[in-house]
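First up is the structure itself, then whatever we jot down about it.
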Amino acid sequence: MEEGPALHAGARRNEDIALDLMKFVAMTTGYGRTTSSGVGFQGTGSAAKPKSMRLICWSLYGKCLSAVGGKK
(Lines give C-alpha, C1' and ligand atoms only; values in the text may rest on other atoms or scores of the structure.)
Protein backbone atom coordinates (compact mmCIF):
# COMPACT_ATOMS: atom_id res chain seq x y z
CA MET A 1 0.00 0.00 0.00
CA GLU A 2 1.35 3.38 -0.96
CA GLU A 3 1.39 6.08 1.70
CA GLY A 4 0.66 9.74 1.09
CA PRO A 5 3.14 12.50 1.77
CA ALA A 6 4.57 12.45 5.27
CA LEU A 7 3.00 15.18 7.38
CA HIS A 8 4.35 16.16 10.74
CA ALA A 9 2.07 16.84 13.69
CA GLY A 10 2.10 20.60 13.07
CA ALA A 11 1.16 20.39 9.38
CA ARG A 12 -2.12 22.04 8.42
CA ARG A 13 -4.21 21.98 5.29
CA ASN A 14 -4.63 25.13 3.21
CA GLU A 15 -8.36 25.12 3.97
CA ASP A 16 -7.70 25.27 7.71
CA ILE A 17 -5.19 28.08 7.32
CA ALA A 18 -7.58 30.02 5.07
CA LEU A 19 -10.38 29.63 7.63
CA ASP A 20 -8.19 30.99 10.42
CA LEU A 21 -7.10 33.87 8.18
CA MET A 22 -10.73 34.64 7.32
CA LYS A 23 -11.67 34.75 11.01
CA PHE A 24 -8.73 37.02 11.78
CA VAL A 25 -9.51 39.45 8.95
CA ALA A 26 -13.22 39.55 9.76
CA MET A 27 -12.65 40.17 13.46
CA THR A 28 -9.91 42.79 13.15
CA THR A 29 -11.35 44.80 10.26
CA GLY A 30 -15.07 44.44 10.86
CA TYR A 31 -15.45 42.90 7.40
CA GLY A 32 -19.10 42.18 6.70
CA ARG A 33 -20.65 44.81 8.93
CA THR A 34 -23.73 46.35 7.39
CA THR A 35 -23.26 49.88 8.73
CA SER A 36 -20.16 51.94 9.15
CA SER A 37 -19.55 54.05 12.19
CA GLY A 38 -18.08 57.52 12.12
CA VAL A 39 -14.82 58.52 13.69
CA GLY A 40 -15.01 58.23 17.46
CA PHE A 41 -18.47 56.72 17.44
CA GLN A 42 -19.09 53.03 17.92
CA GLY A 43 -22.69 52.47 16.90
CA THR A 44 -24.25 49.07 17.31
CA GLY A 45 -25.47 49.00 13.70
CA SER A 46 -28.01 46.58 12.35
CA ALA A 47 -27.46 42.90 11.89
CA ALA A 48 -26.91 41.61 8.37
CA LYS A 49 -29.43 39.26 6.87
CA PRO A 50 -28.26 35.64 7.18
CA LYS A 51 -28.10 35.13 3.41
CA SER A 52 -26.06 38.27 2.74
CA MET A 53 -23.72 37.54 5.66
CA ARG A 54 -23.20 34.01 4.37
CA LEU A 55 -22.30 35.37 0.91
CA ILE A 56 -19.91 37.91 2.43
CA CYS A 57 -18.16 35.23 4.50
CA TRP A 58 -17.98 32.83 1.56
CA SER A 59 -16.42 35.54 -0.60
CA LEU A 60 -13.84 36.39 2.06
CA TYR A 61 -13.02 32.70 2.55
CA GLY A 62 -12.44 32.32 -1.20
CA LYS A 63 -10.05 35.26 -1.20
CA CYS A 64 -8.16 33.85 1.80
CA LEU A 65 -7.95 30.40 0.22
CA SER A 66 -6.56 31.93 -2.97
CA ALA A 67 -3.97 33.84 -0.96
CA VAL A 68 -2.91 30.74 0.97
CA GLY A 69 -2.81 28.57 -2.14
CA GLY A 70 -0.73 31.11 -4.03
CA LYS A 71 2.31 30.75 -1.77
CA LYS A 72 4.64 28.25 -3.40
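The values are calculated or read from the model by the stated rules, or taken from the named source; none is laboratory data. On a predicted model such as this, the values are computed, not experimentally measured, just so you know. Surface accessibility is based on the protein's heavy atoms, side chains included, excluding ligands, DNA and RNA. Shrake-Rupley method; radii C 1.70, N 1.55, O 1.52, S 1.80 Å.
Which sequence of 23, 51 reflects their accessible areas, 1.4 Å probe, from the largest down? It would help to have the intermediate numbers written out before the result.
Details: 23 105, 51 135 Å².
The ordering from most to least exposed comes out as 51, 23.
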Quiz item: Top to bottom by accessible area (1.4 Å), largest first, where do 22, 27, 53 land?
Solution: 27, 53, 22
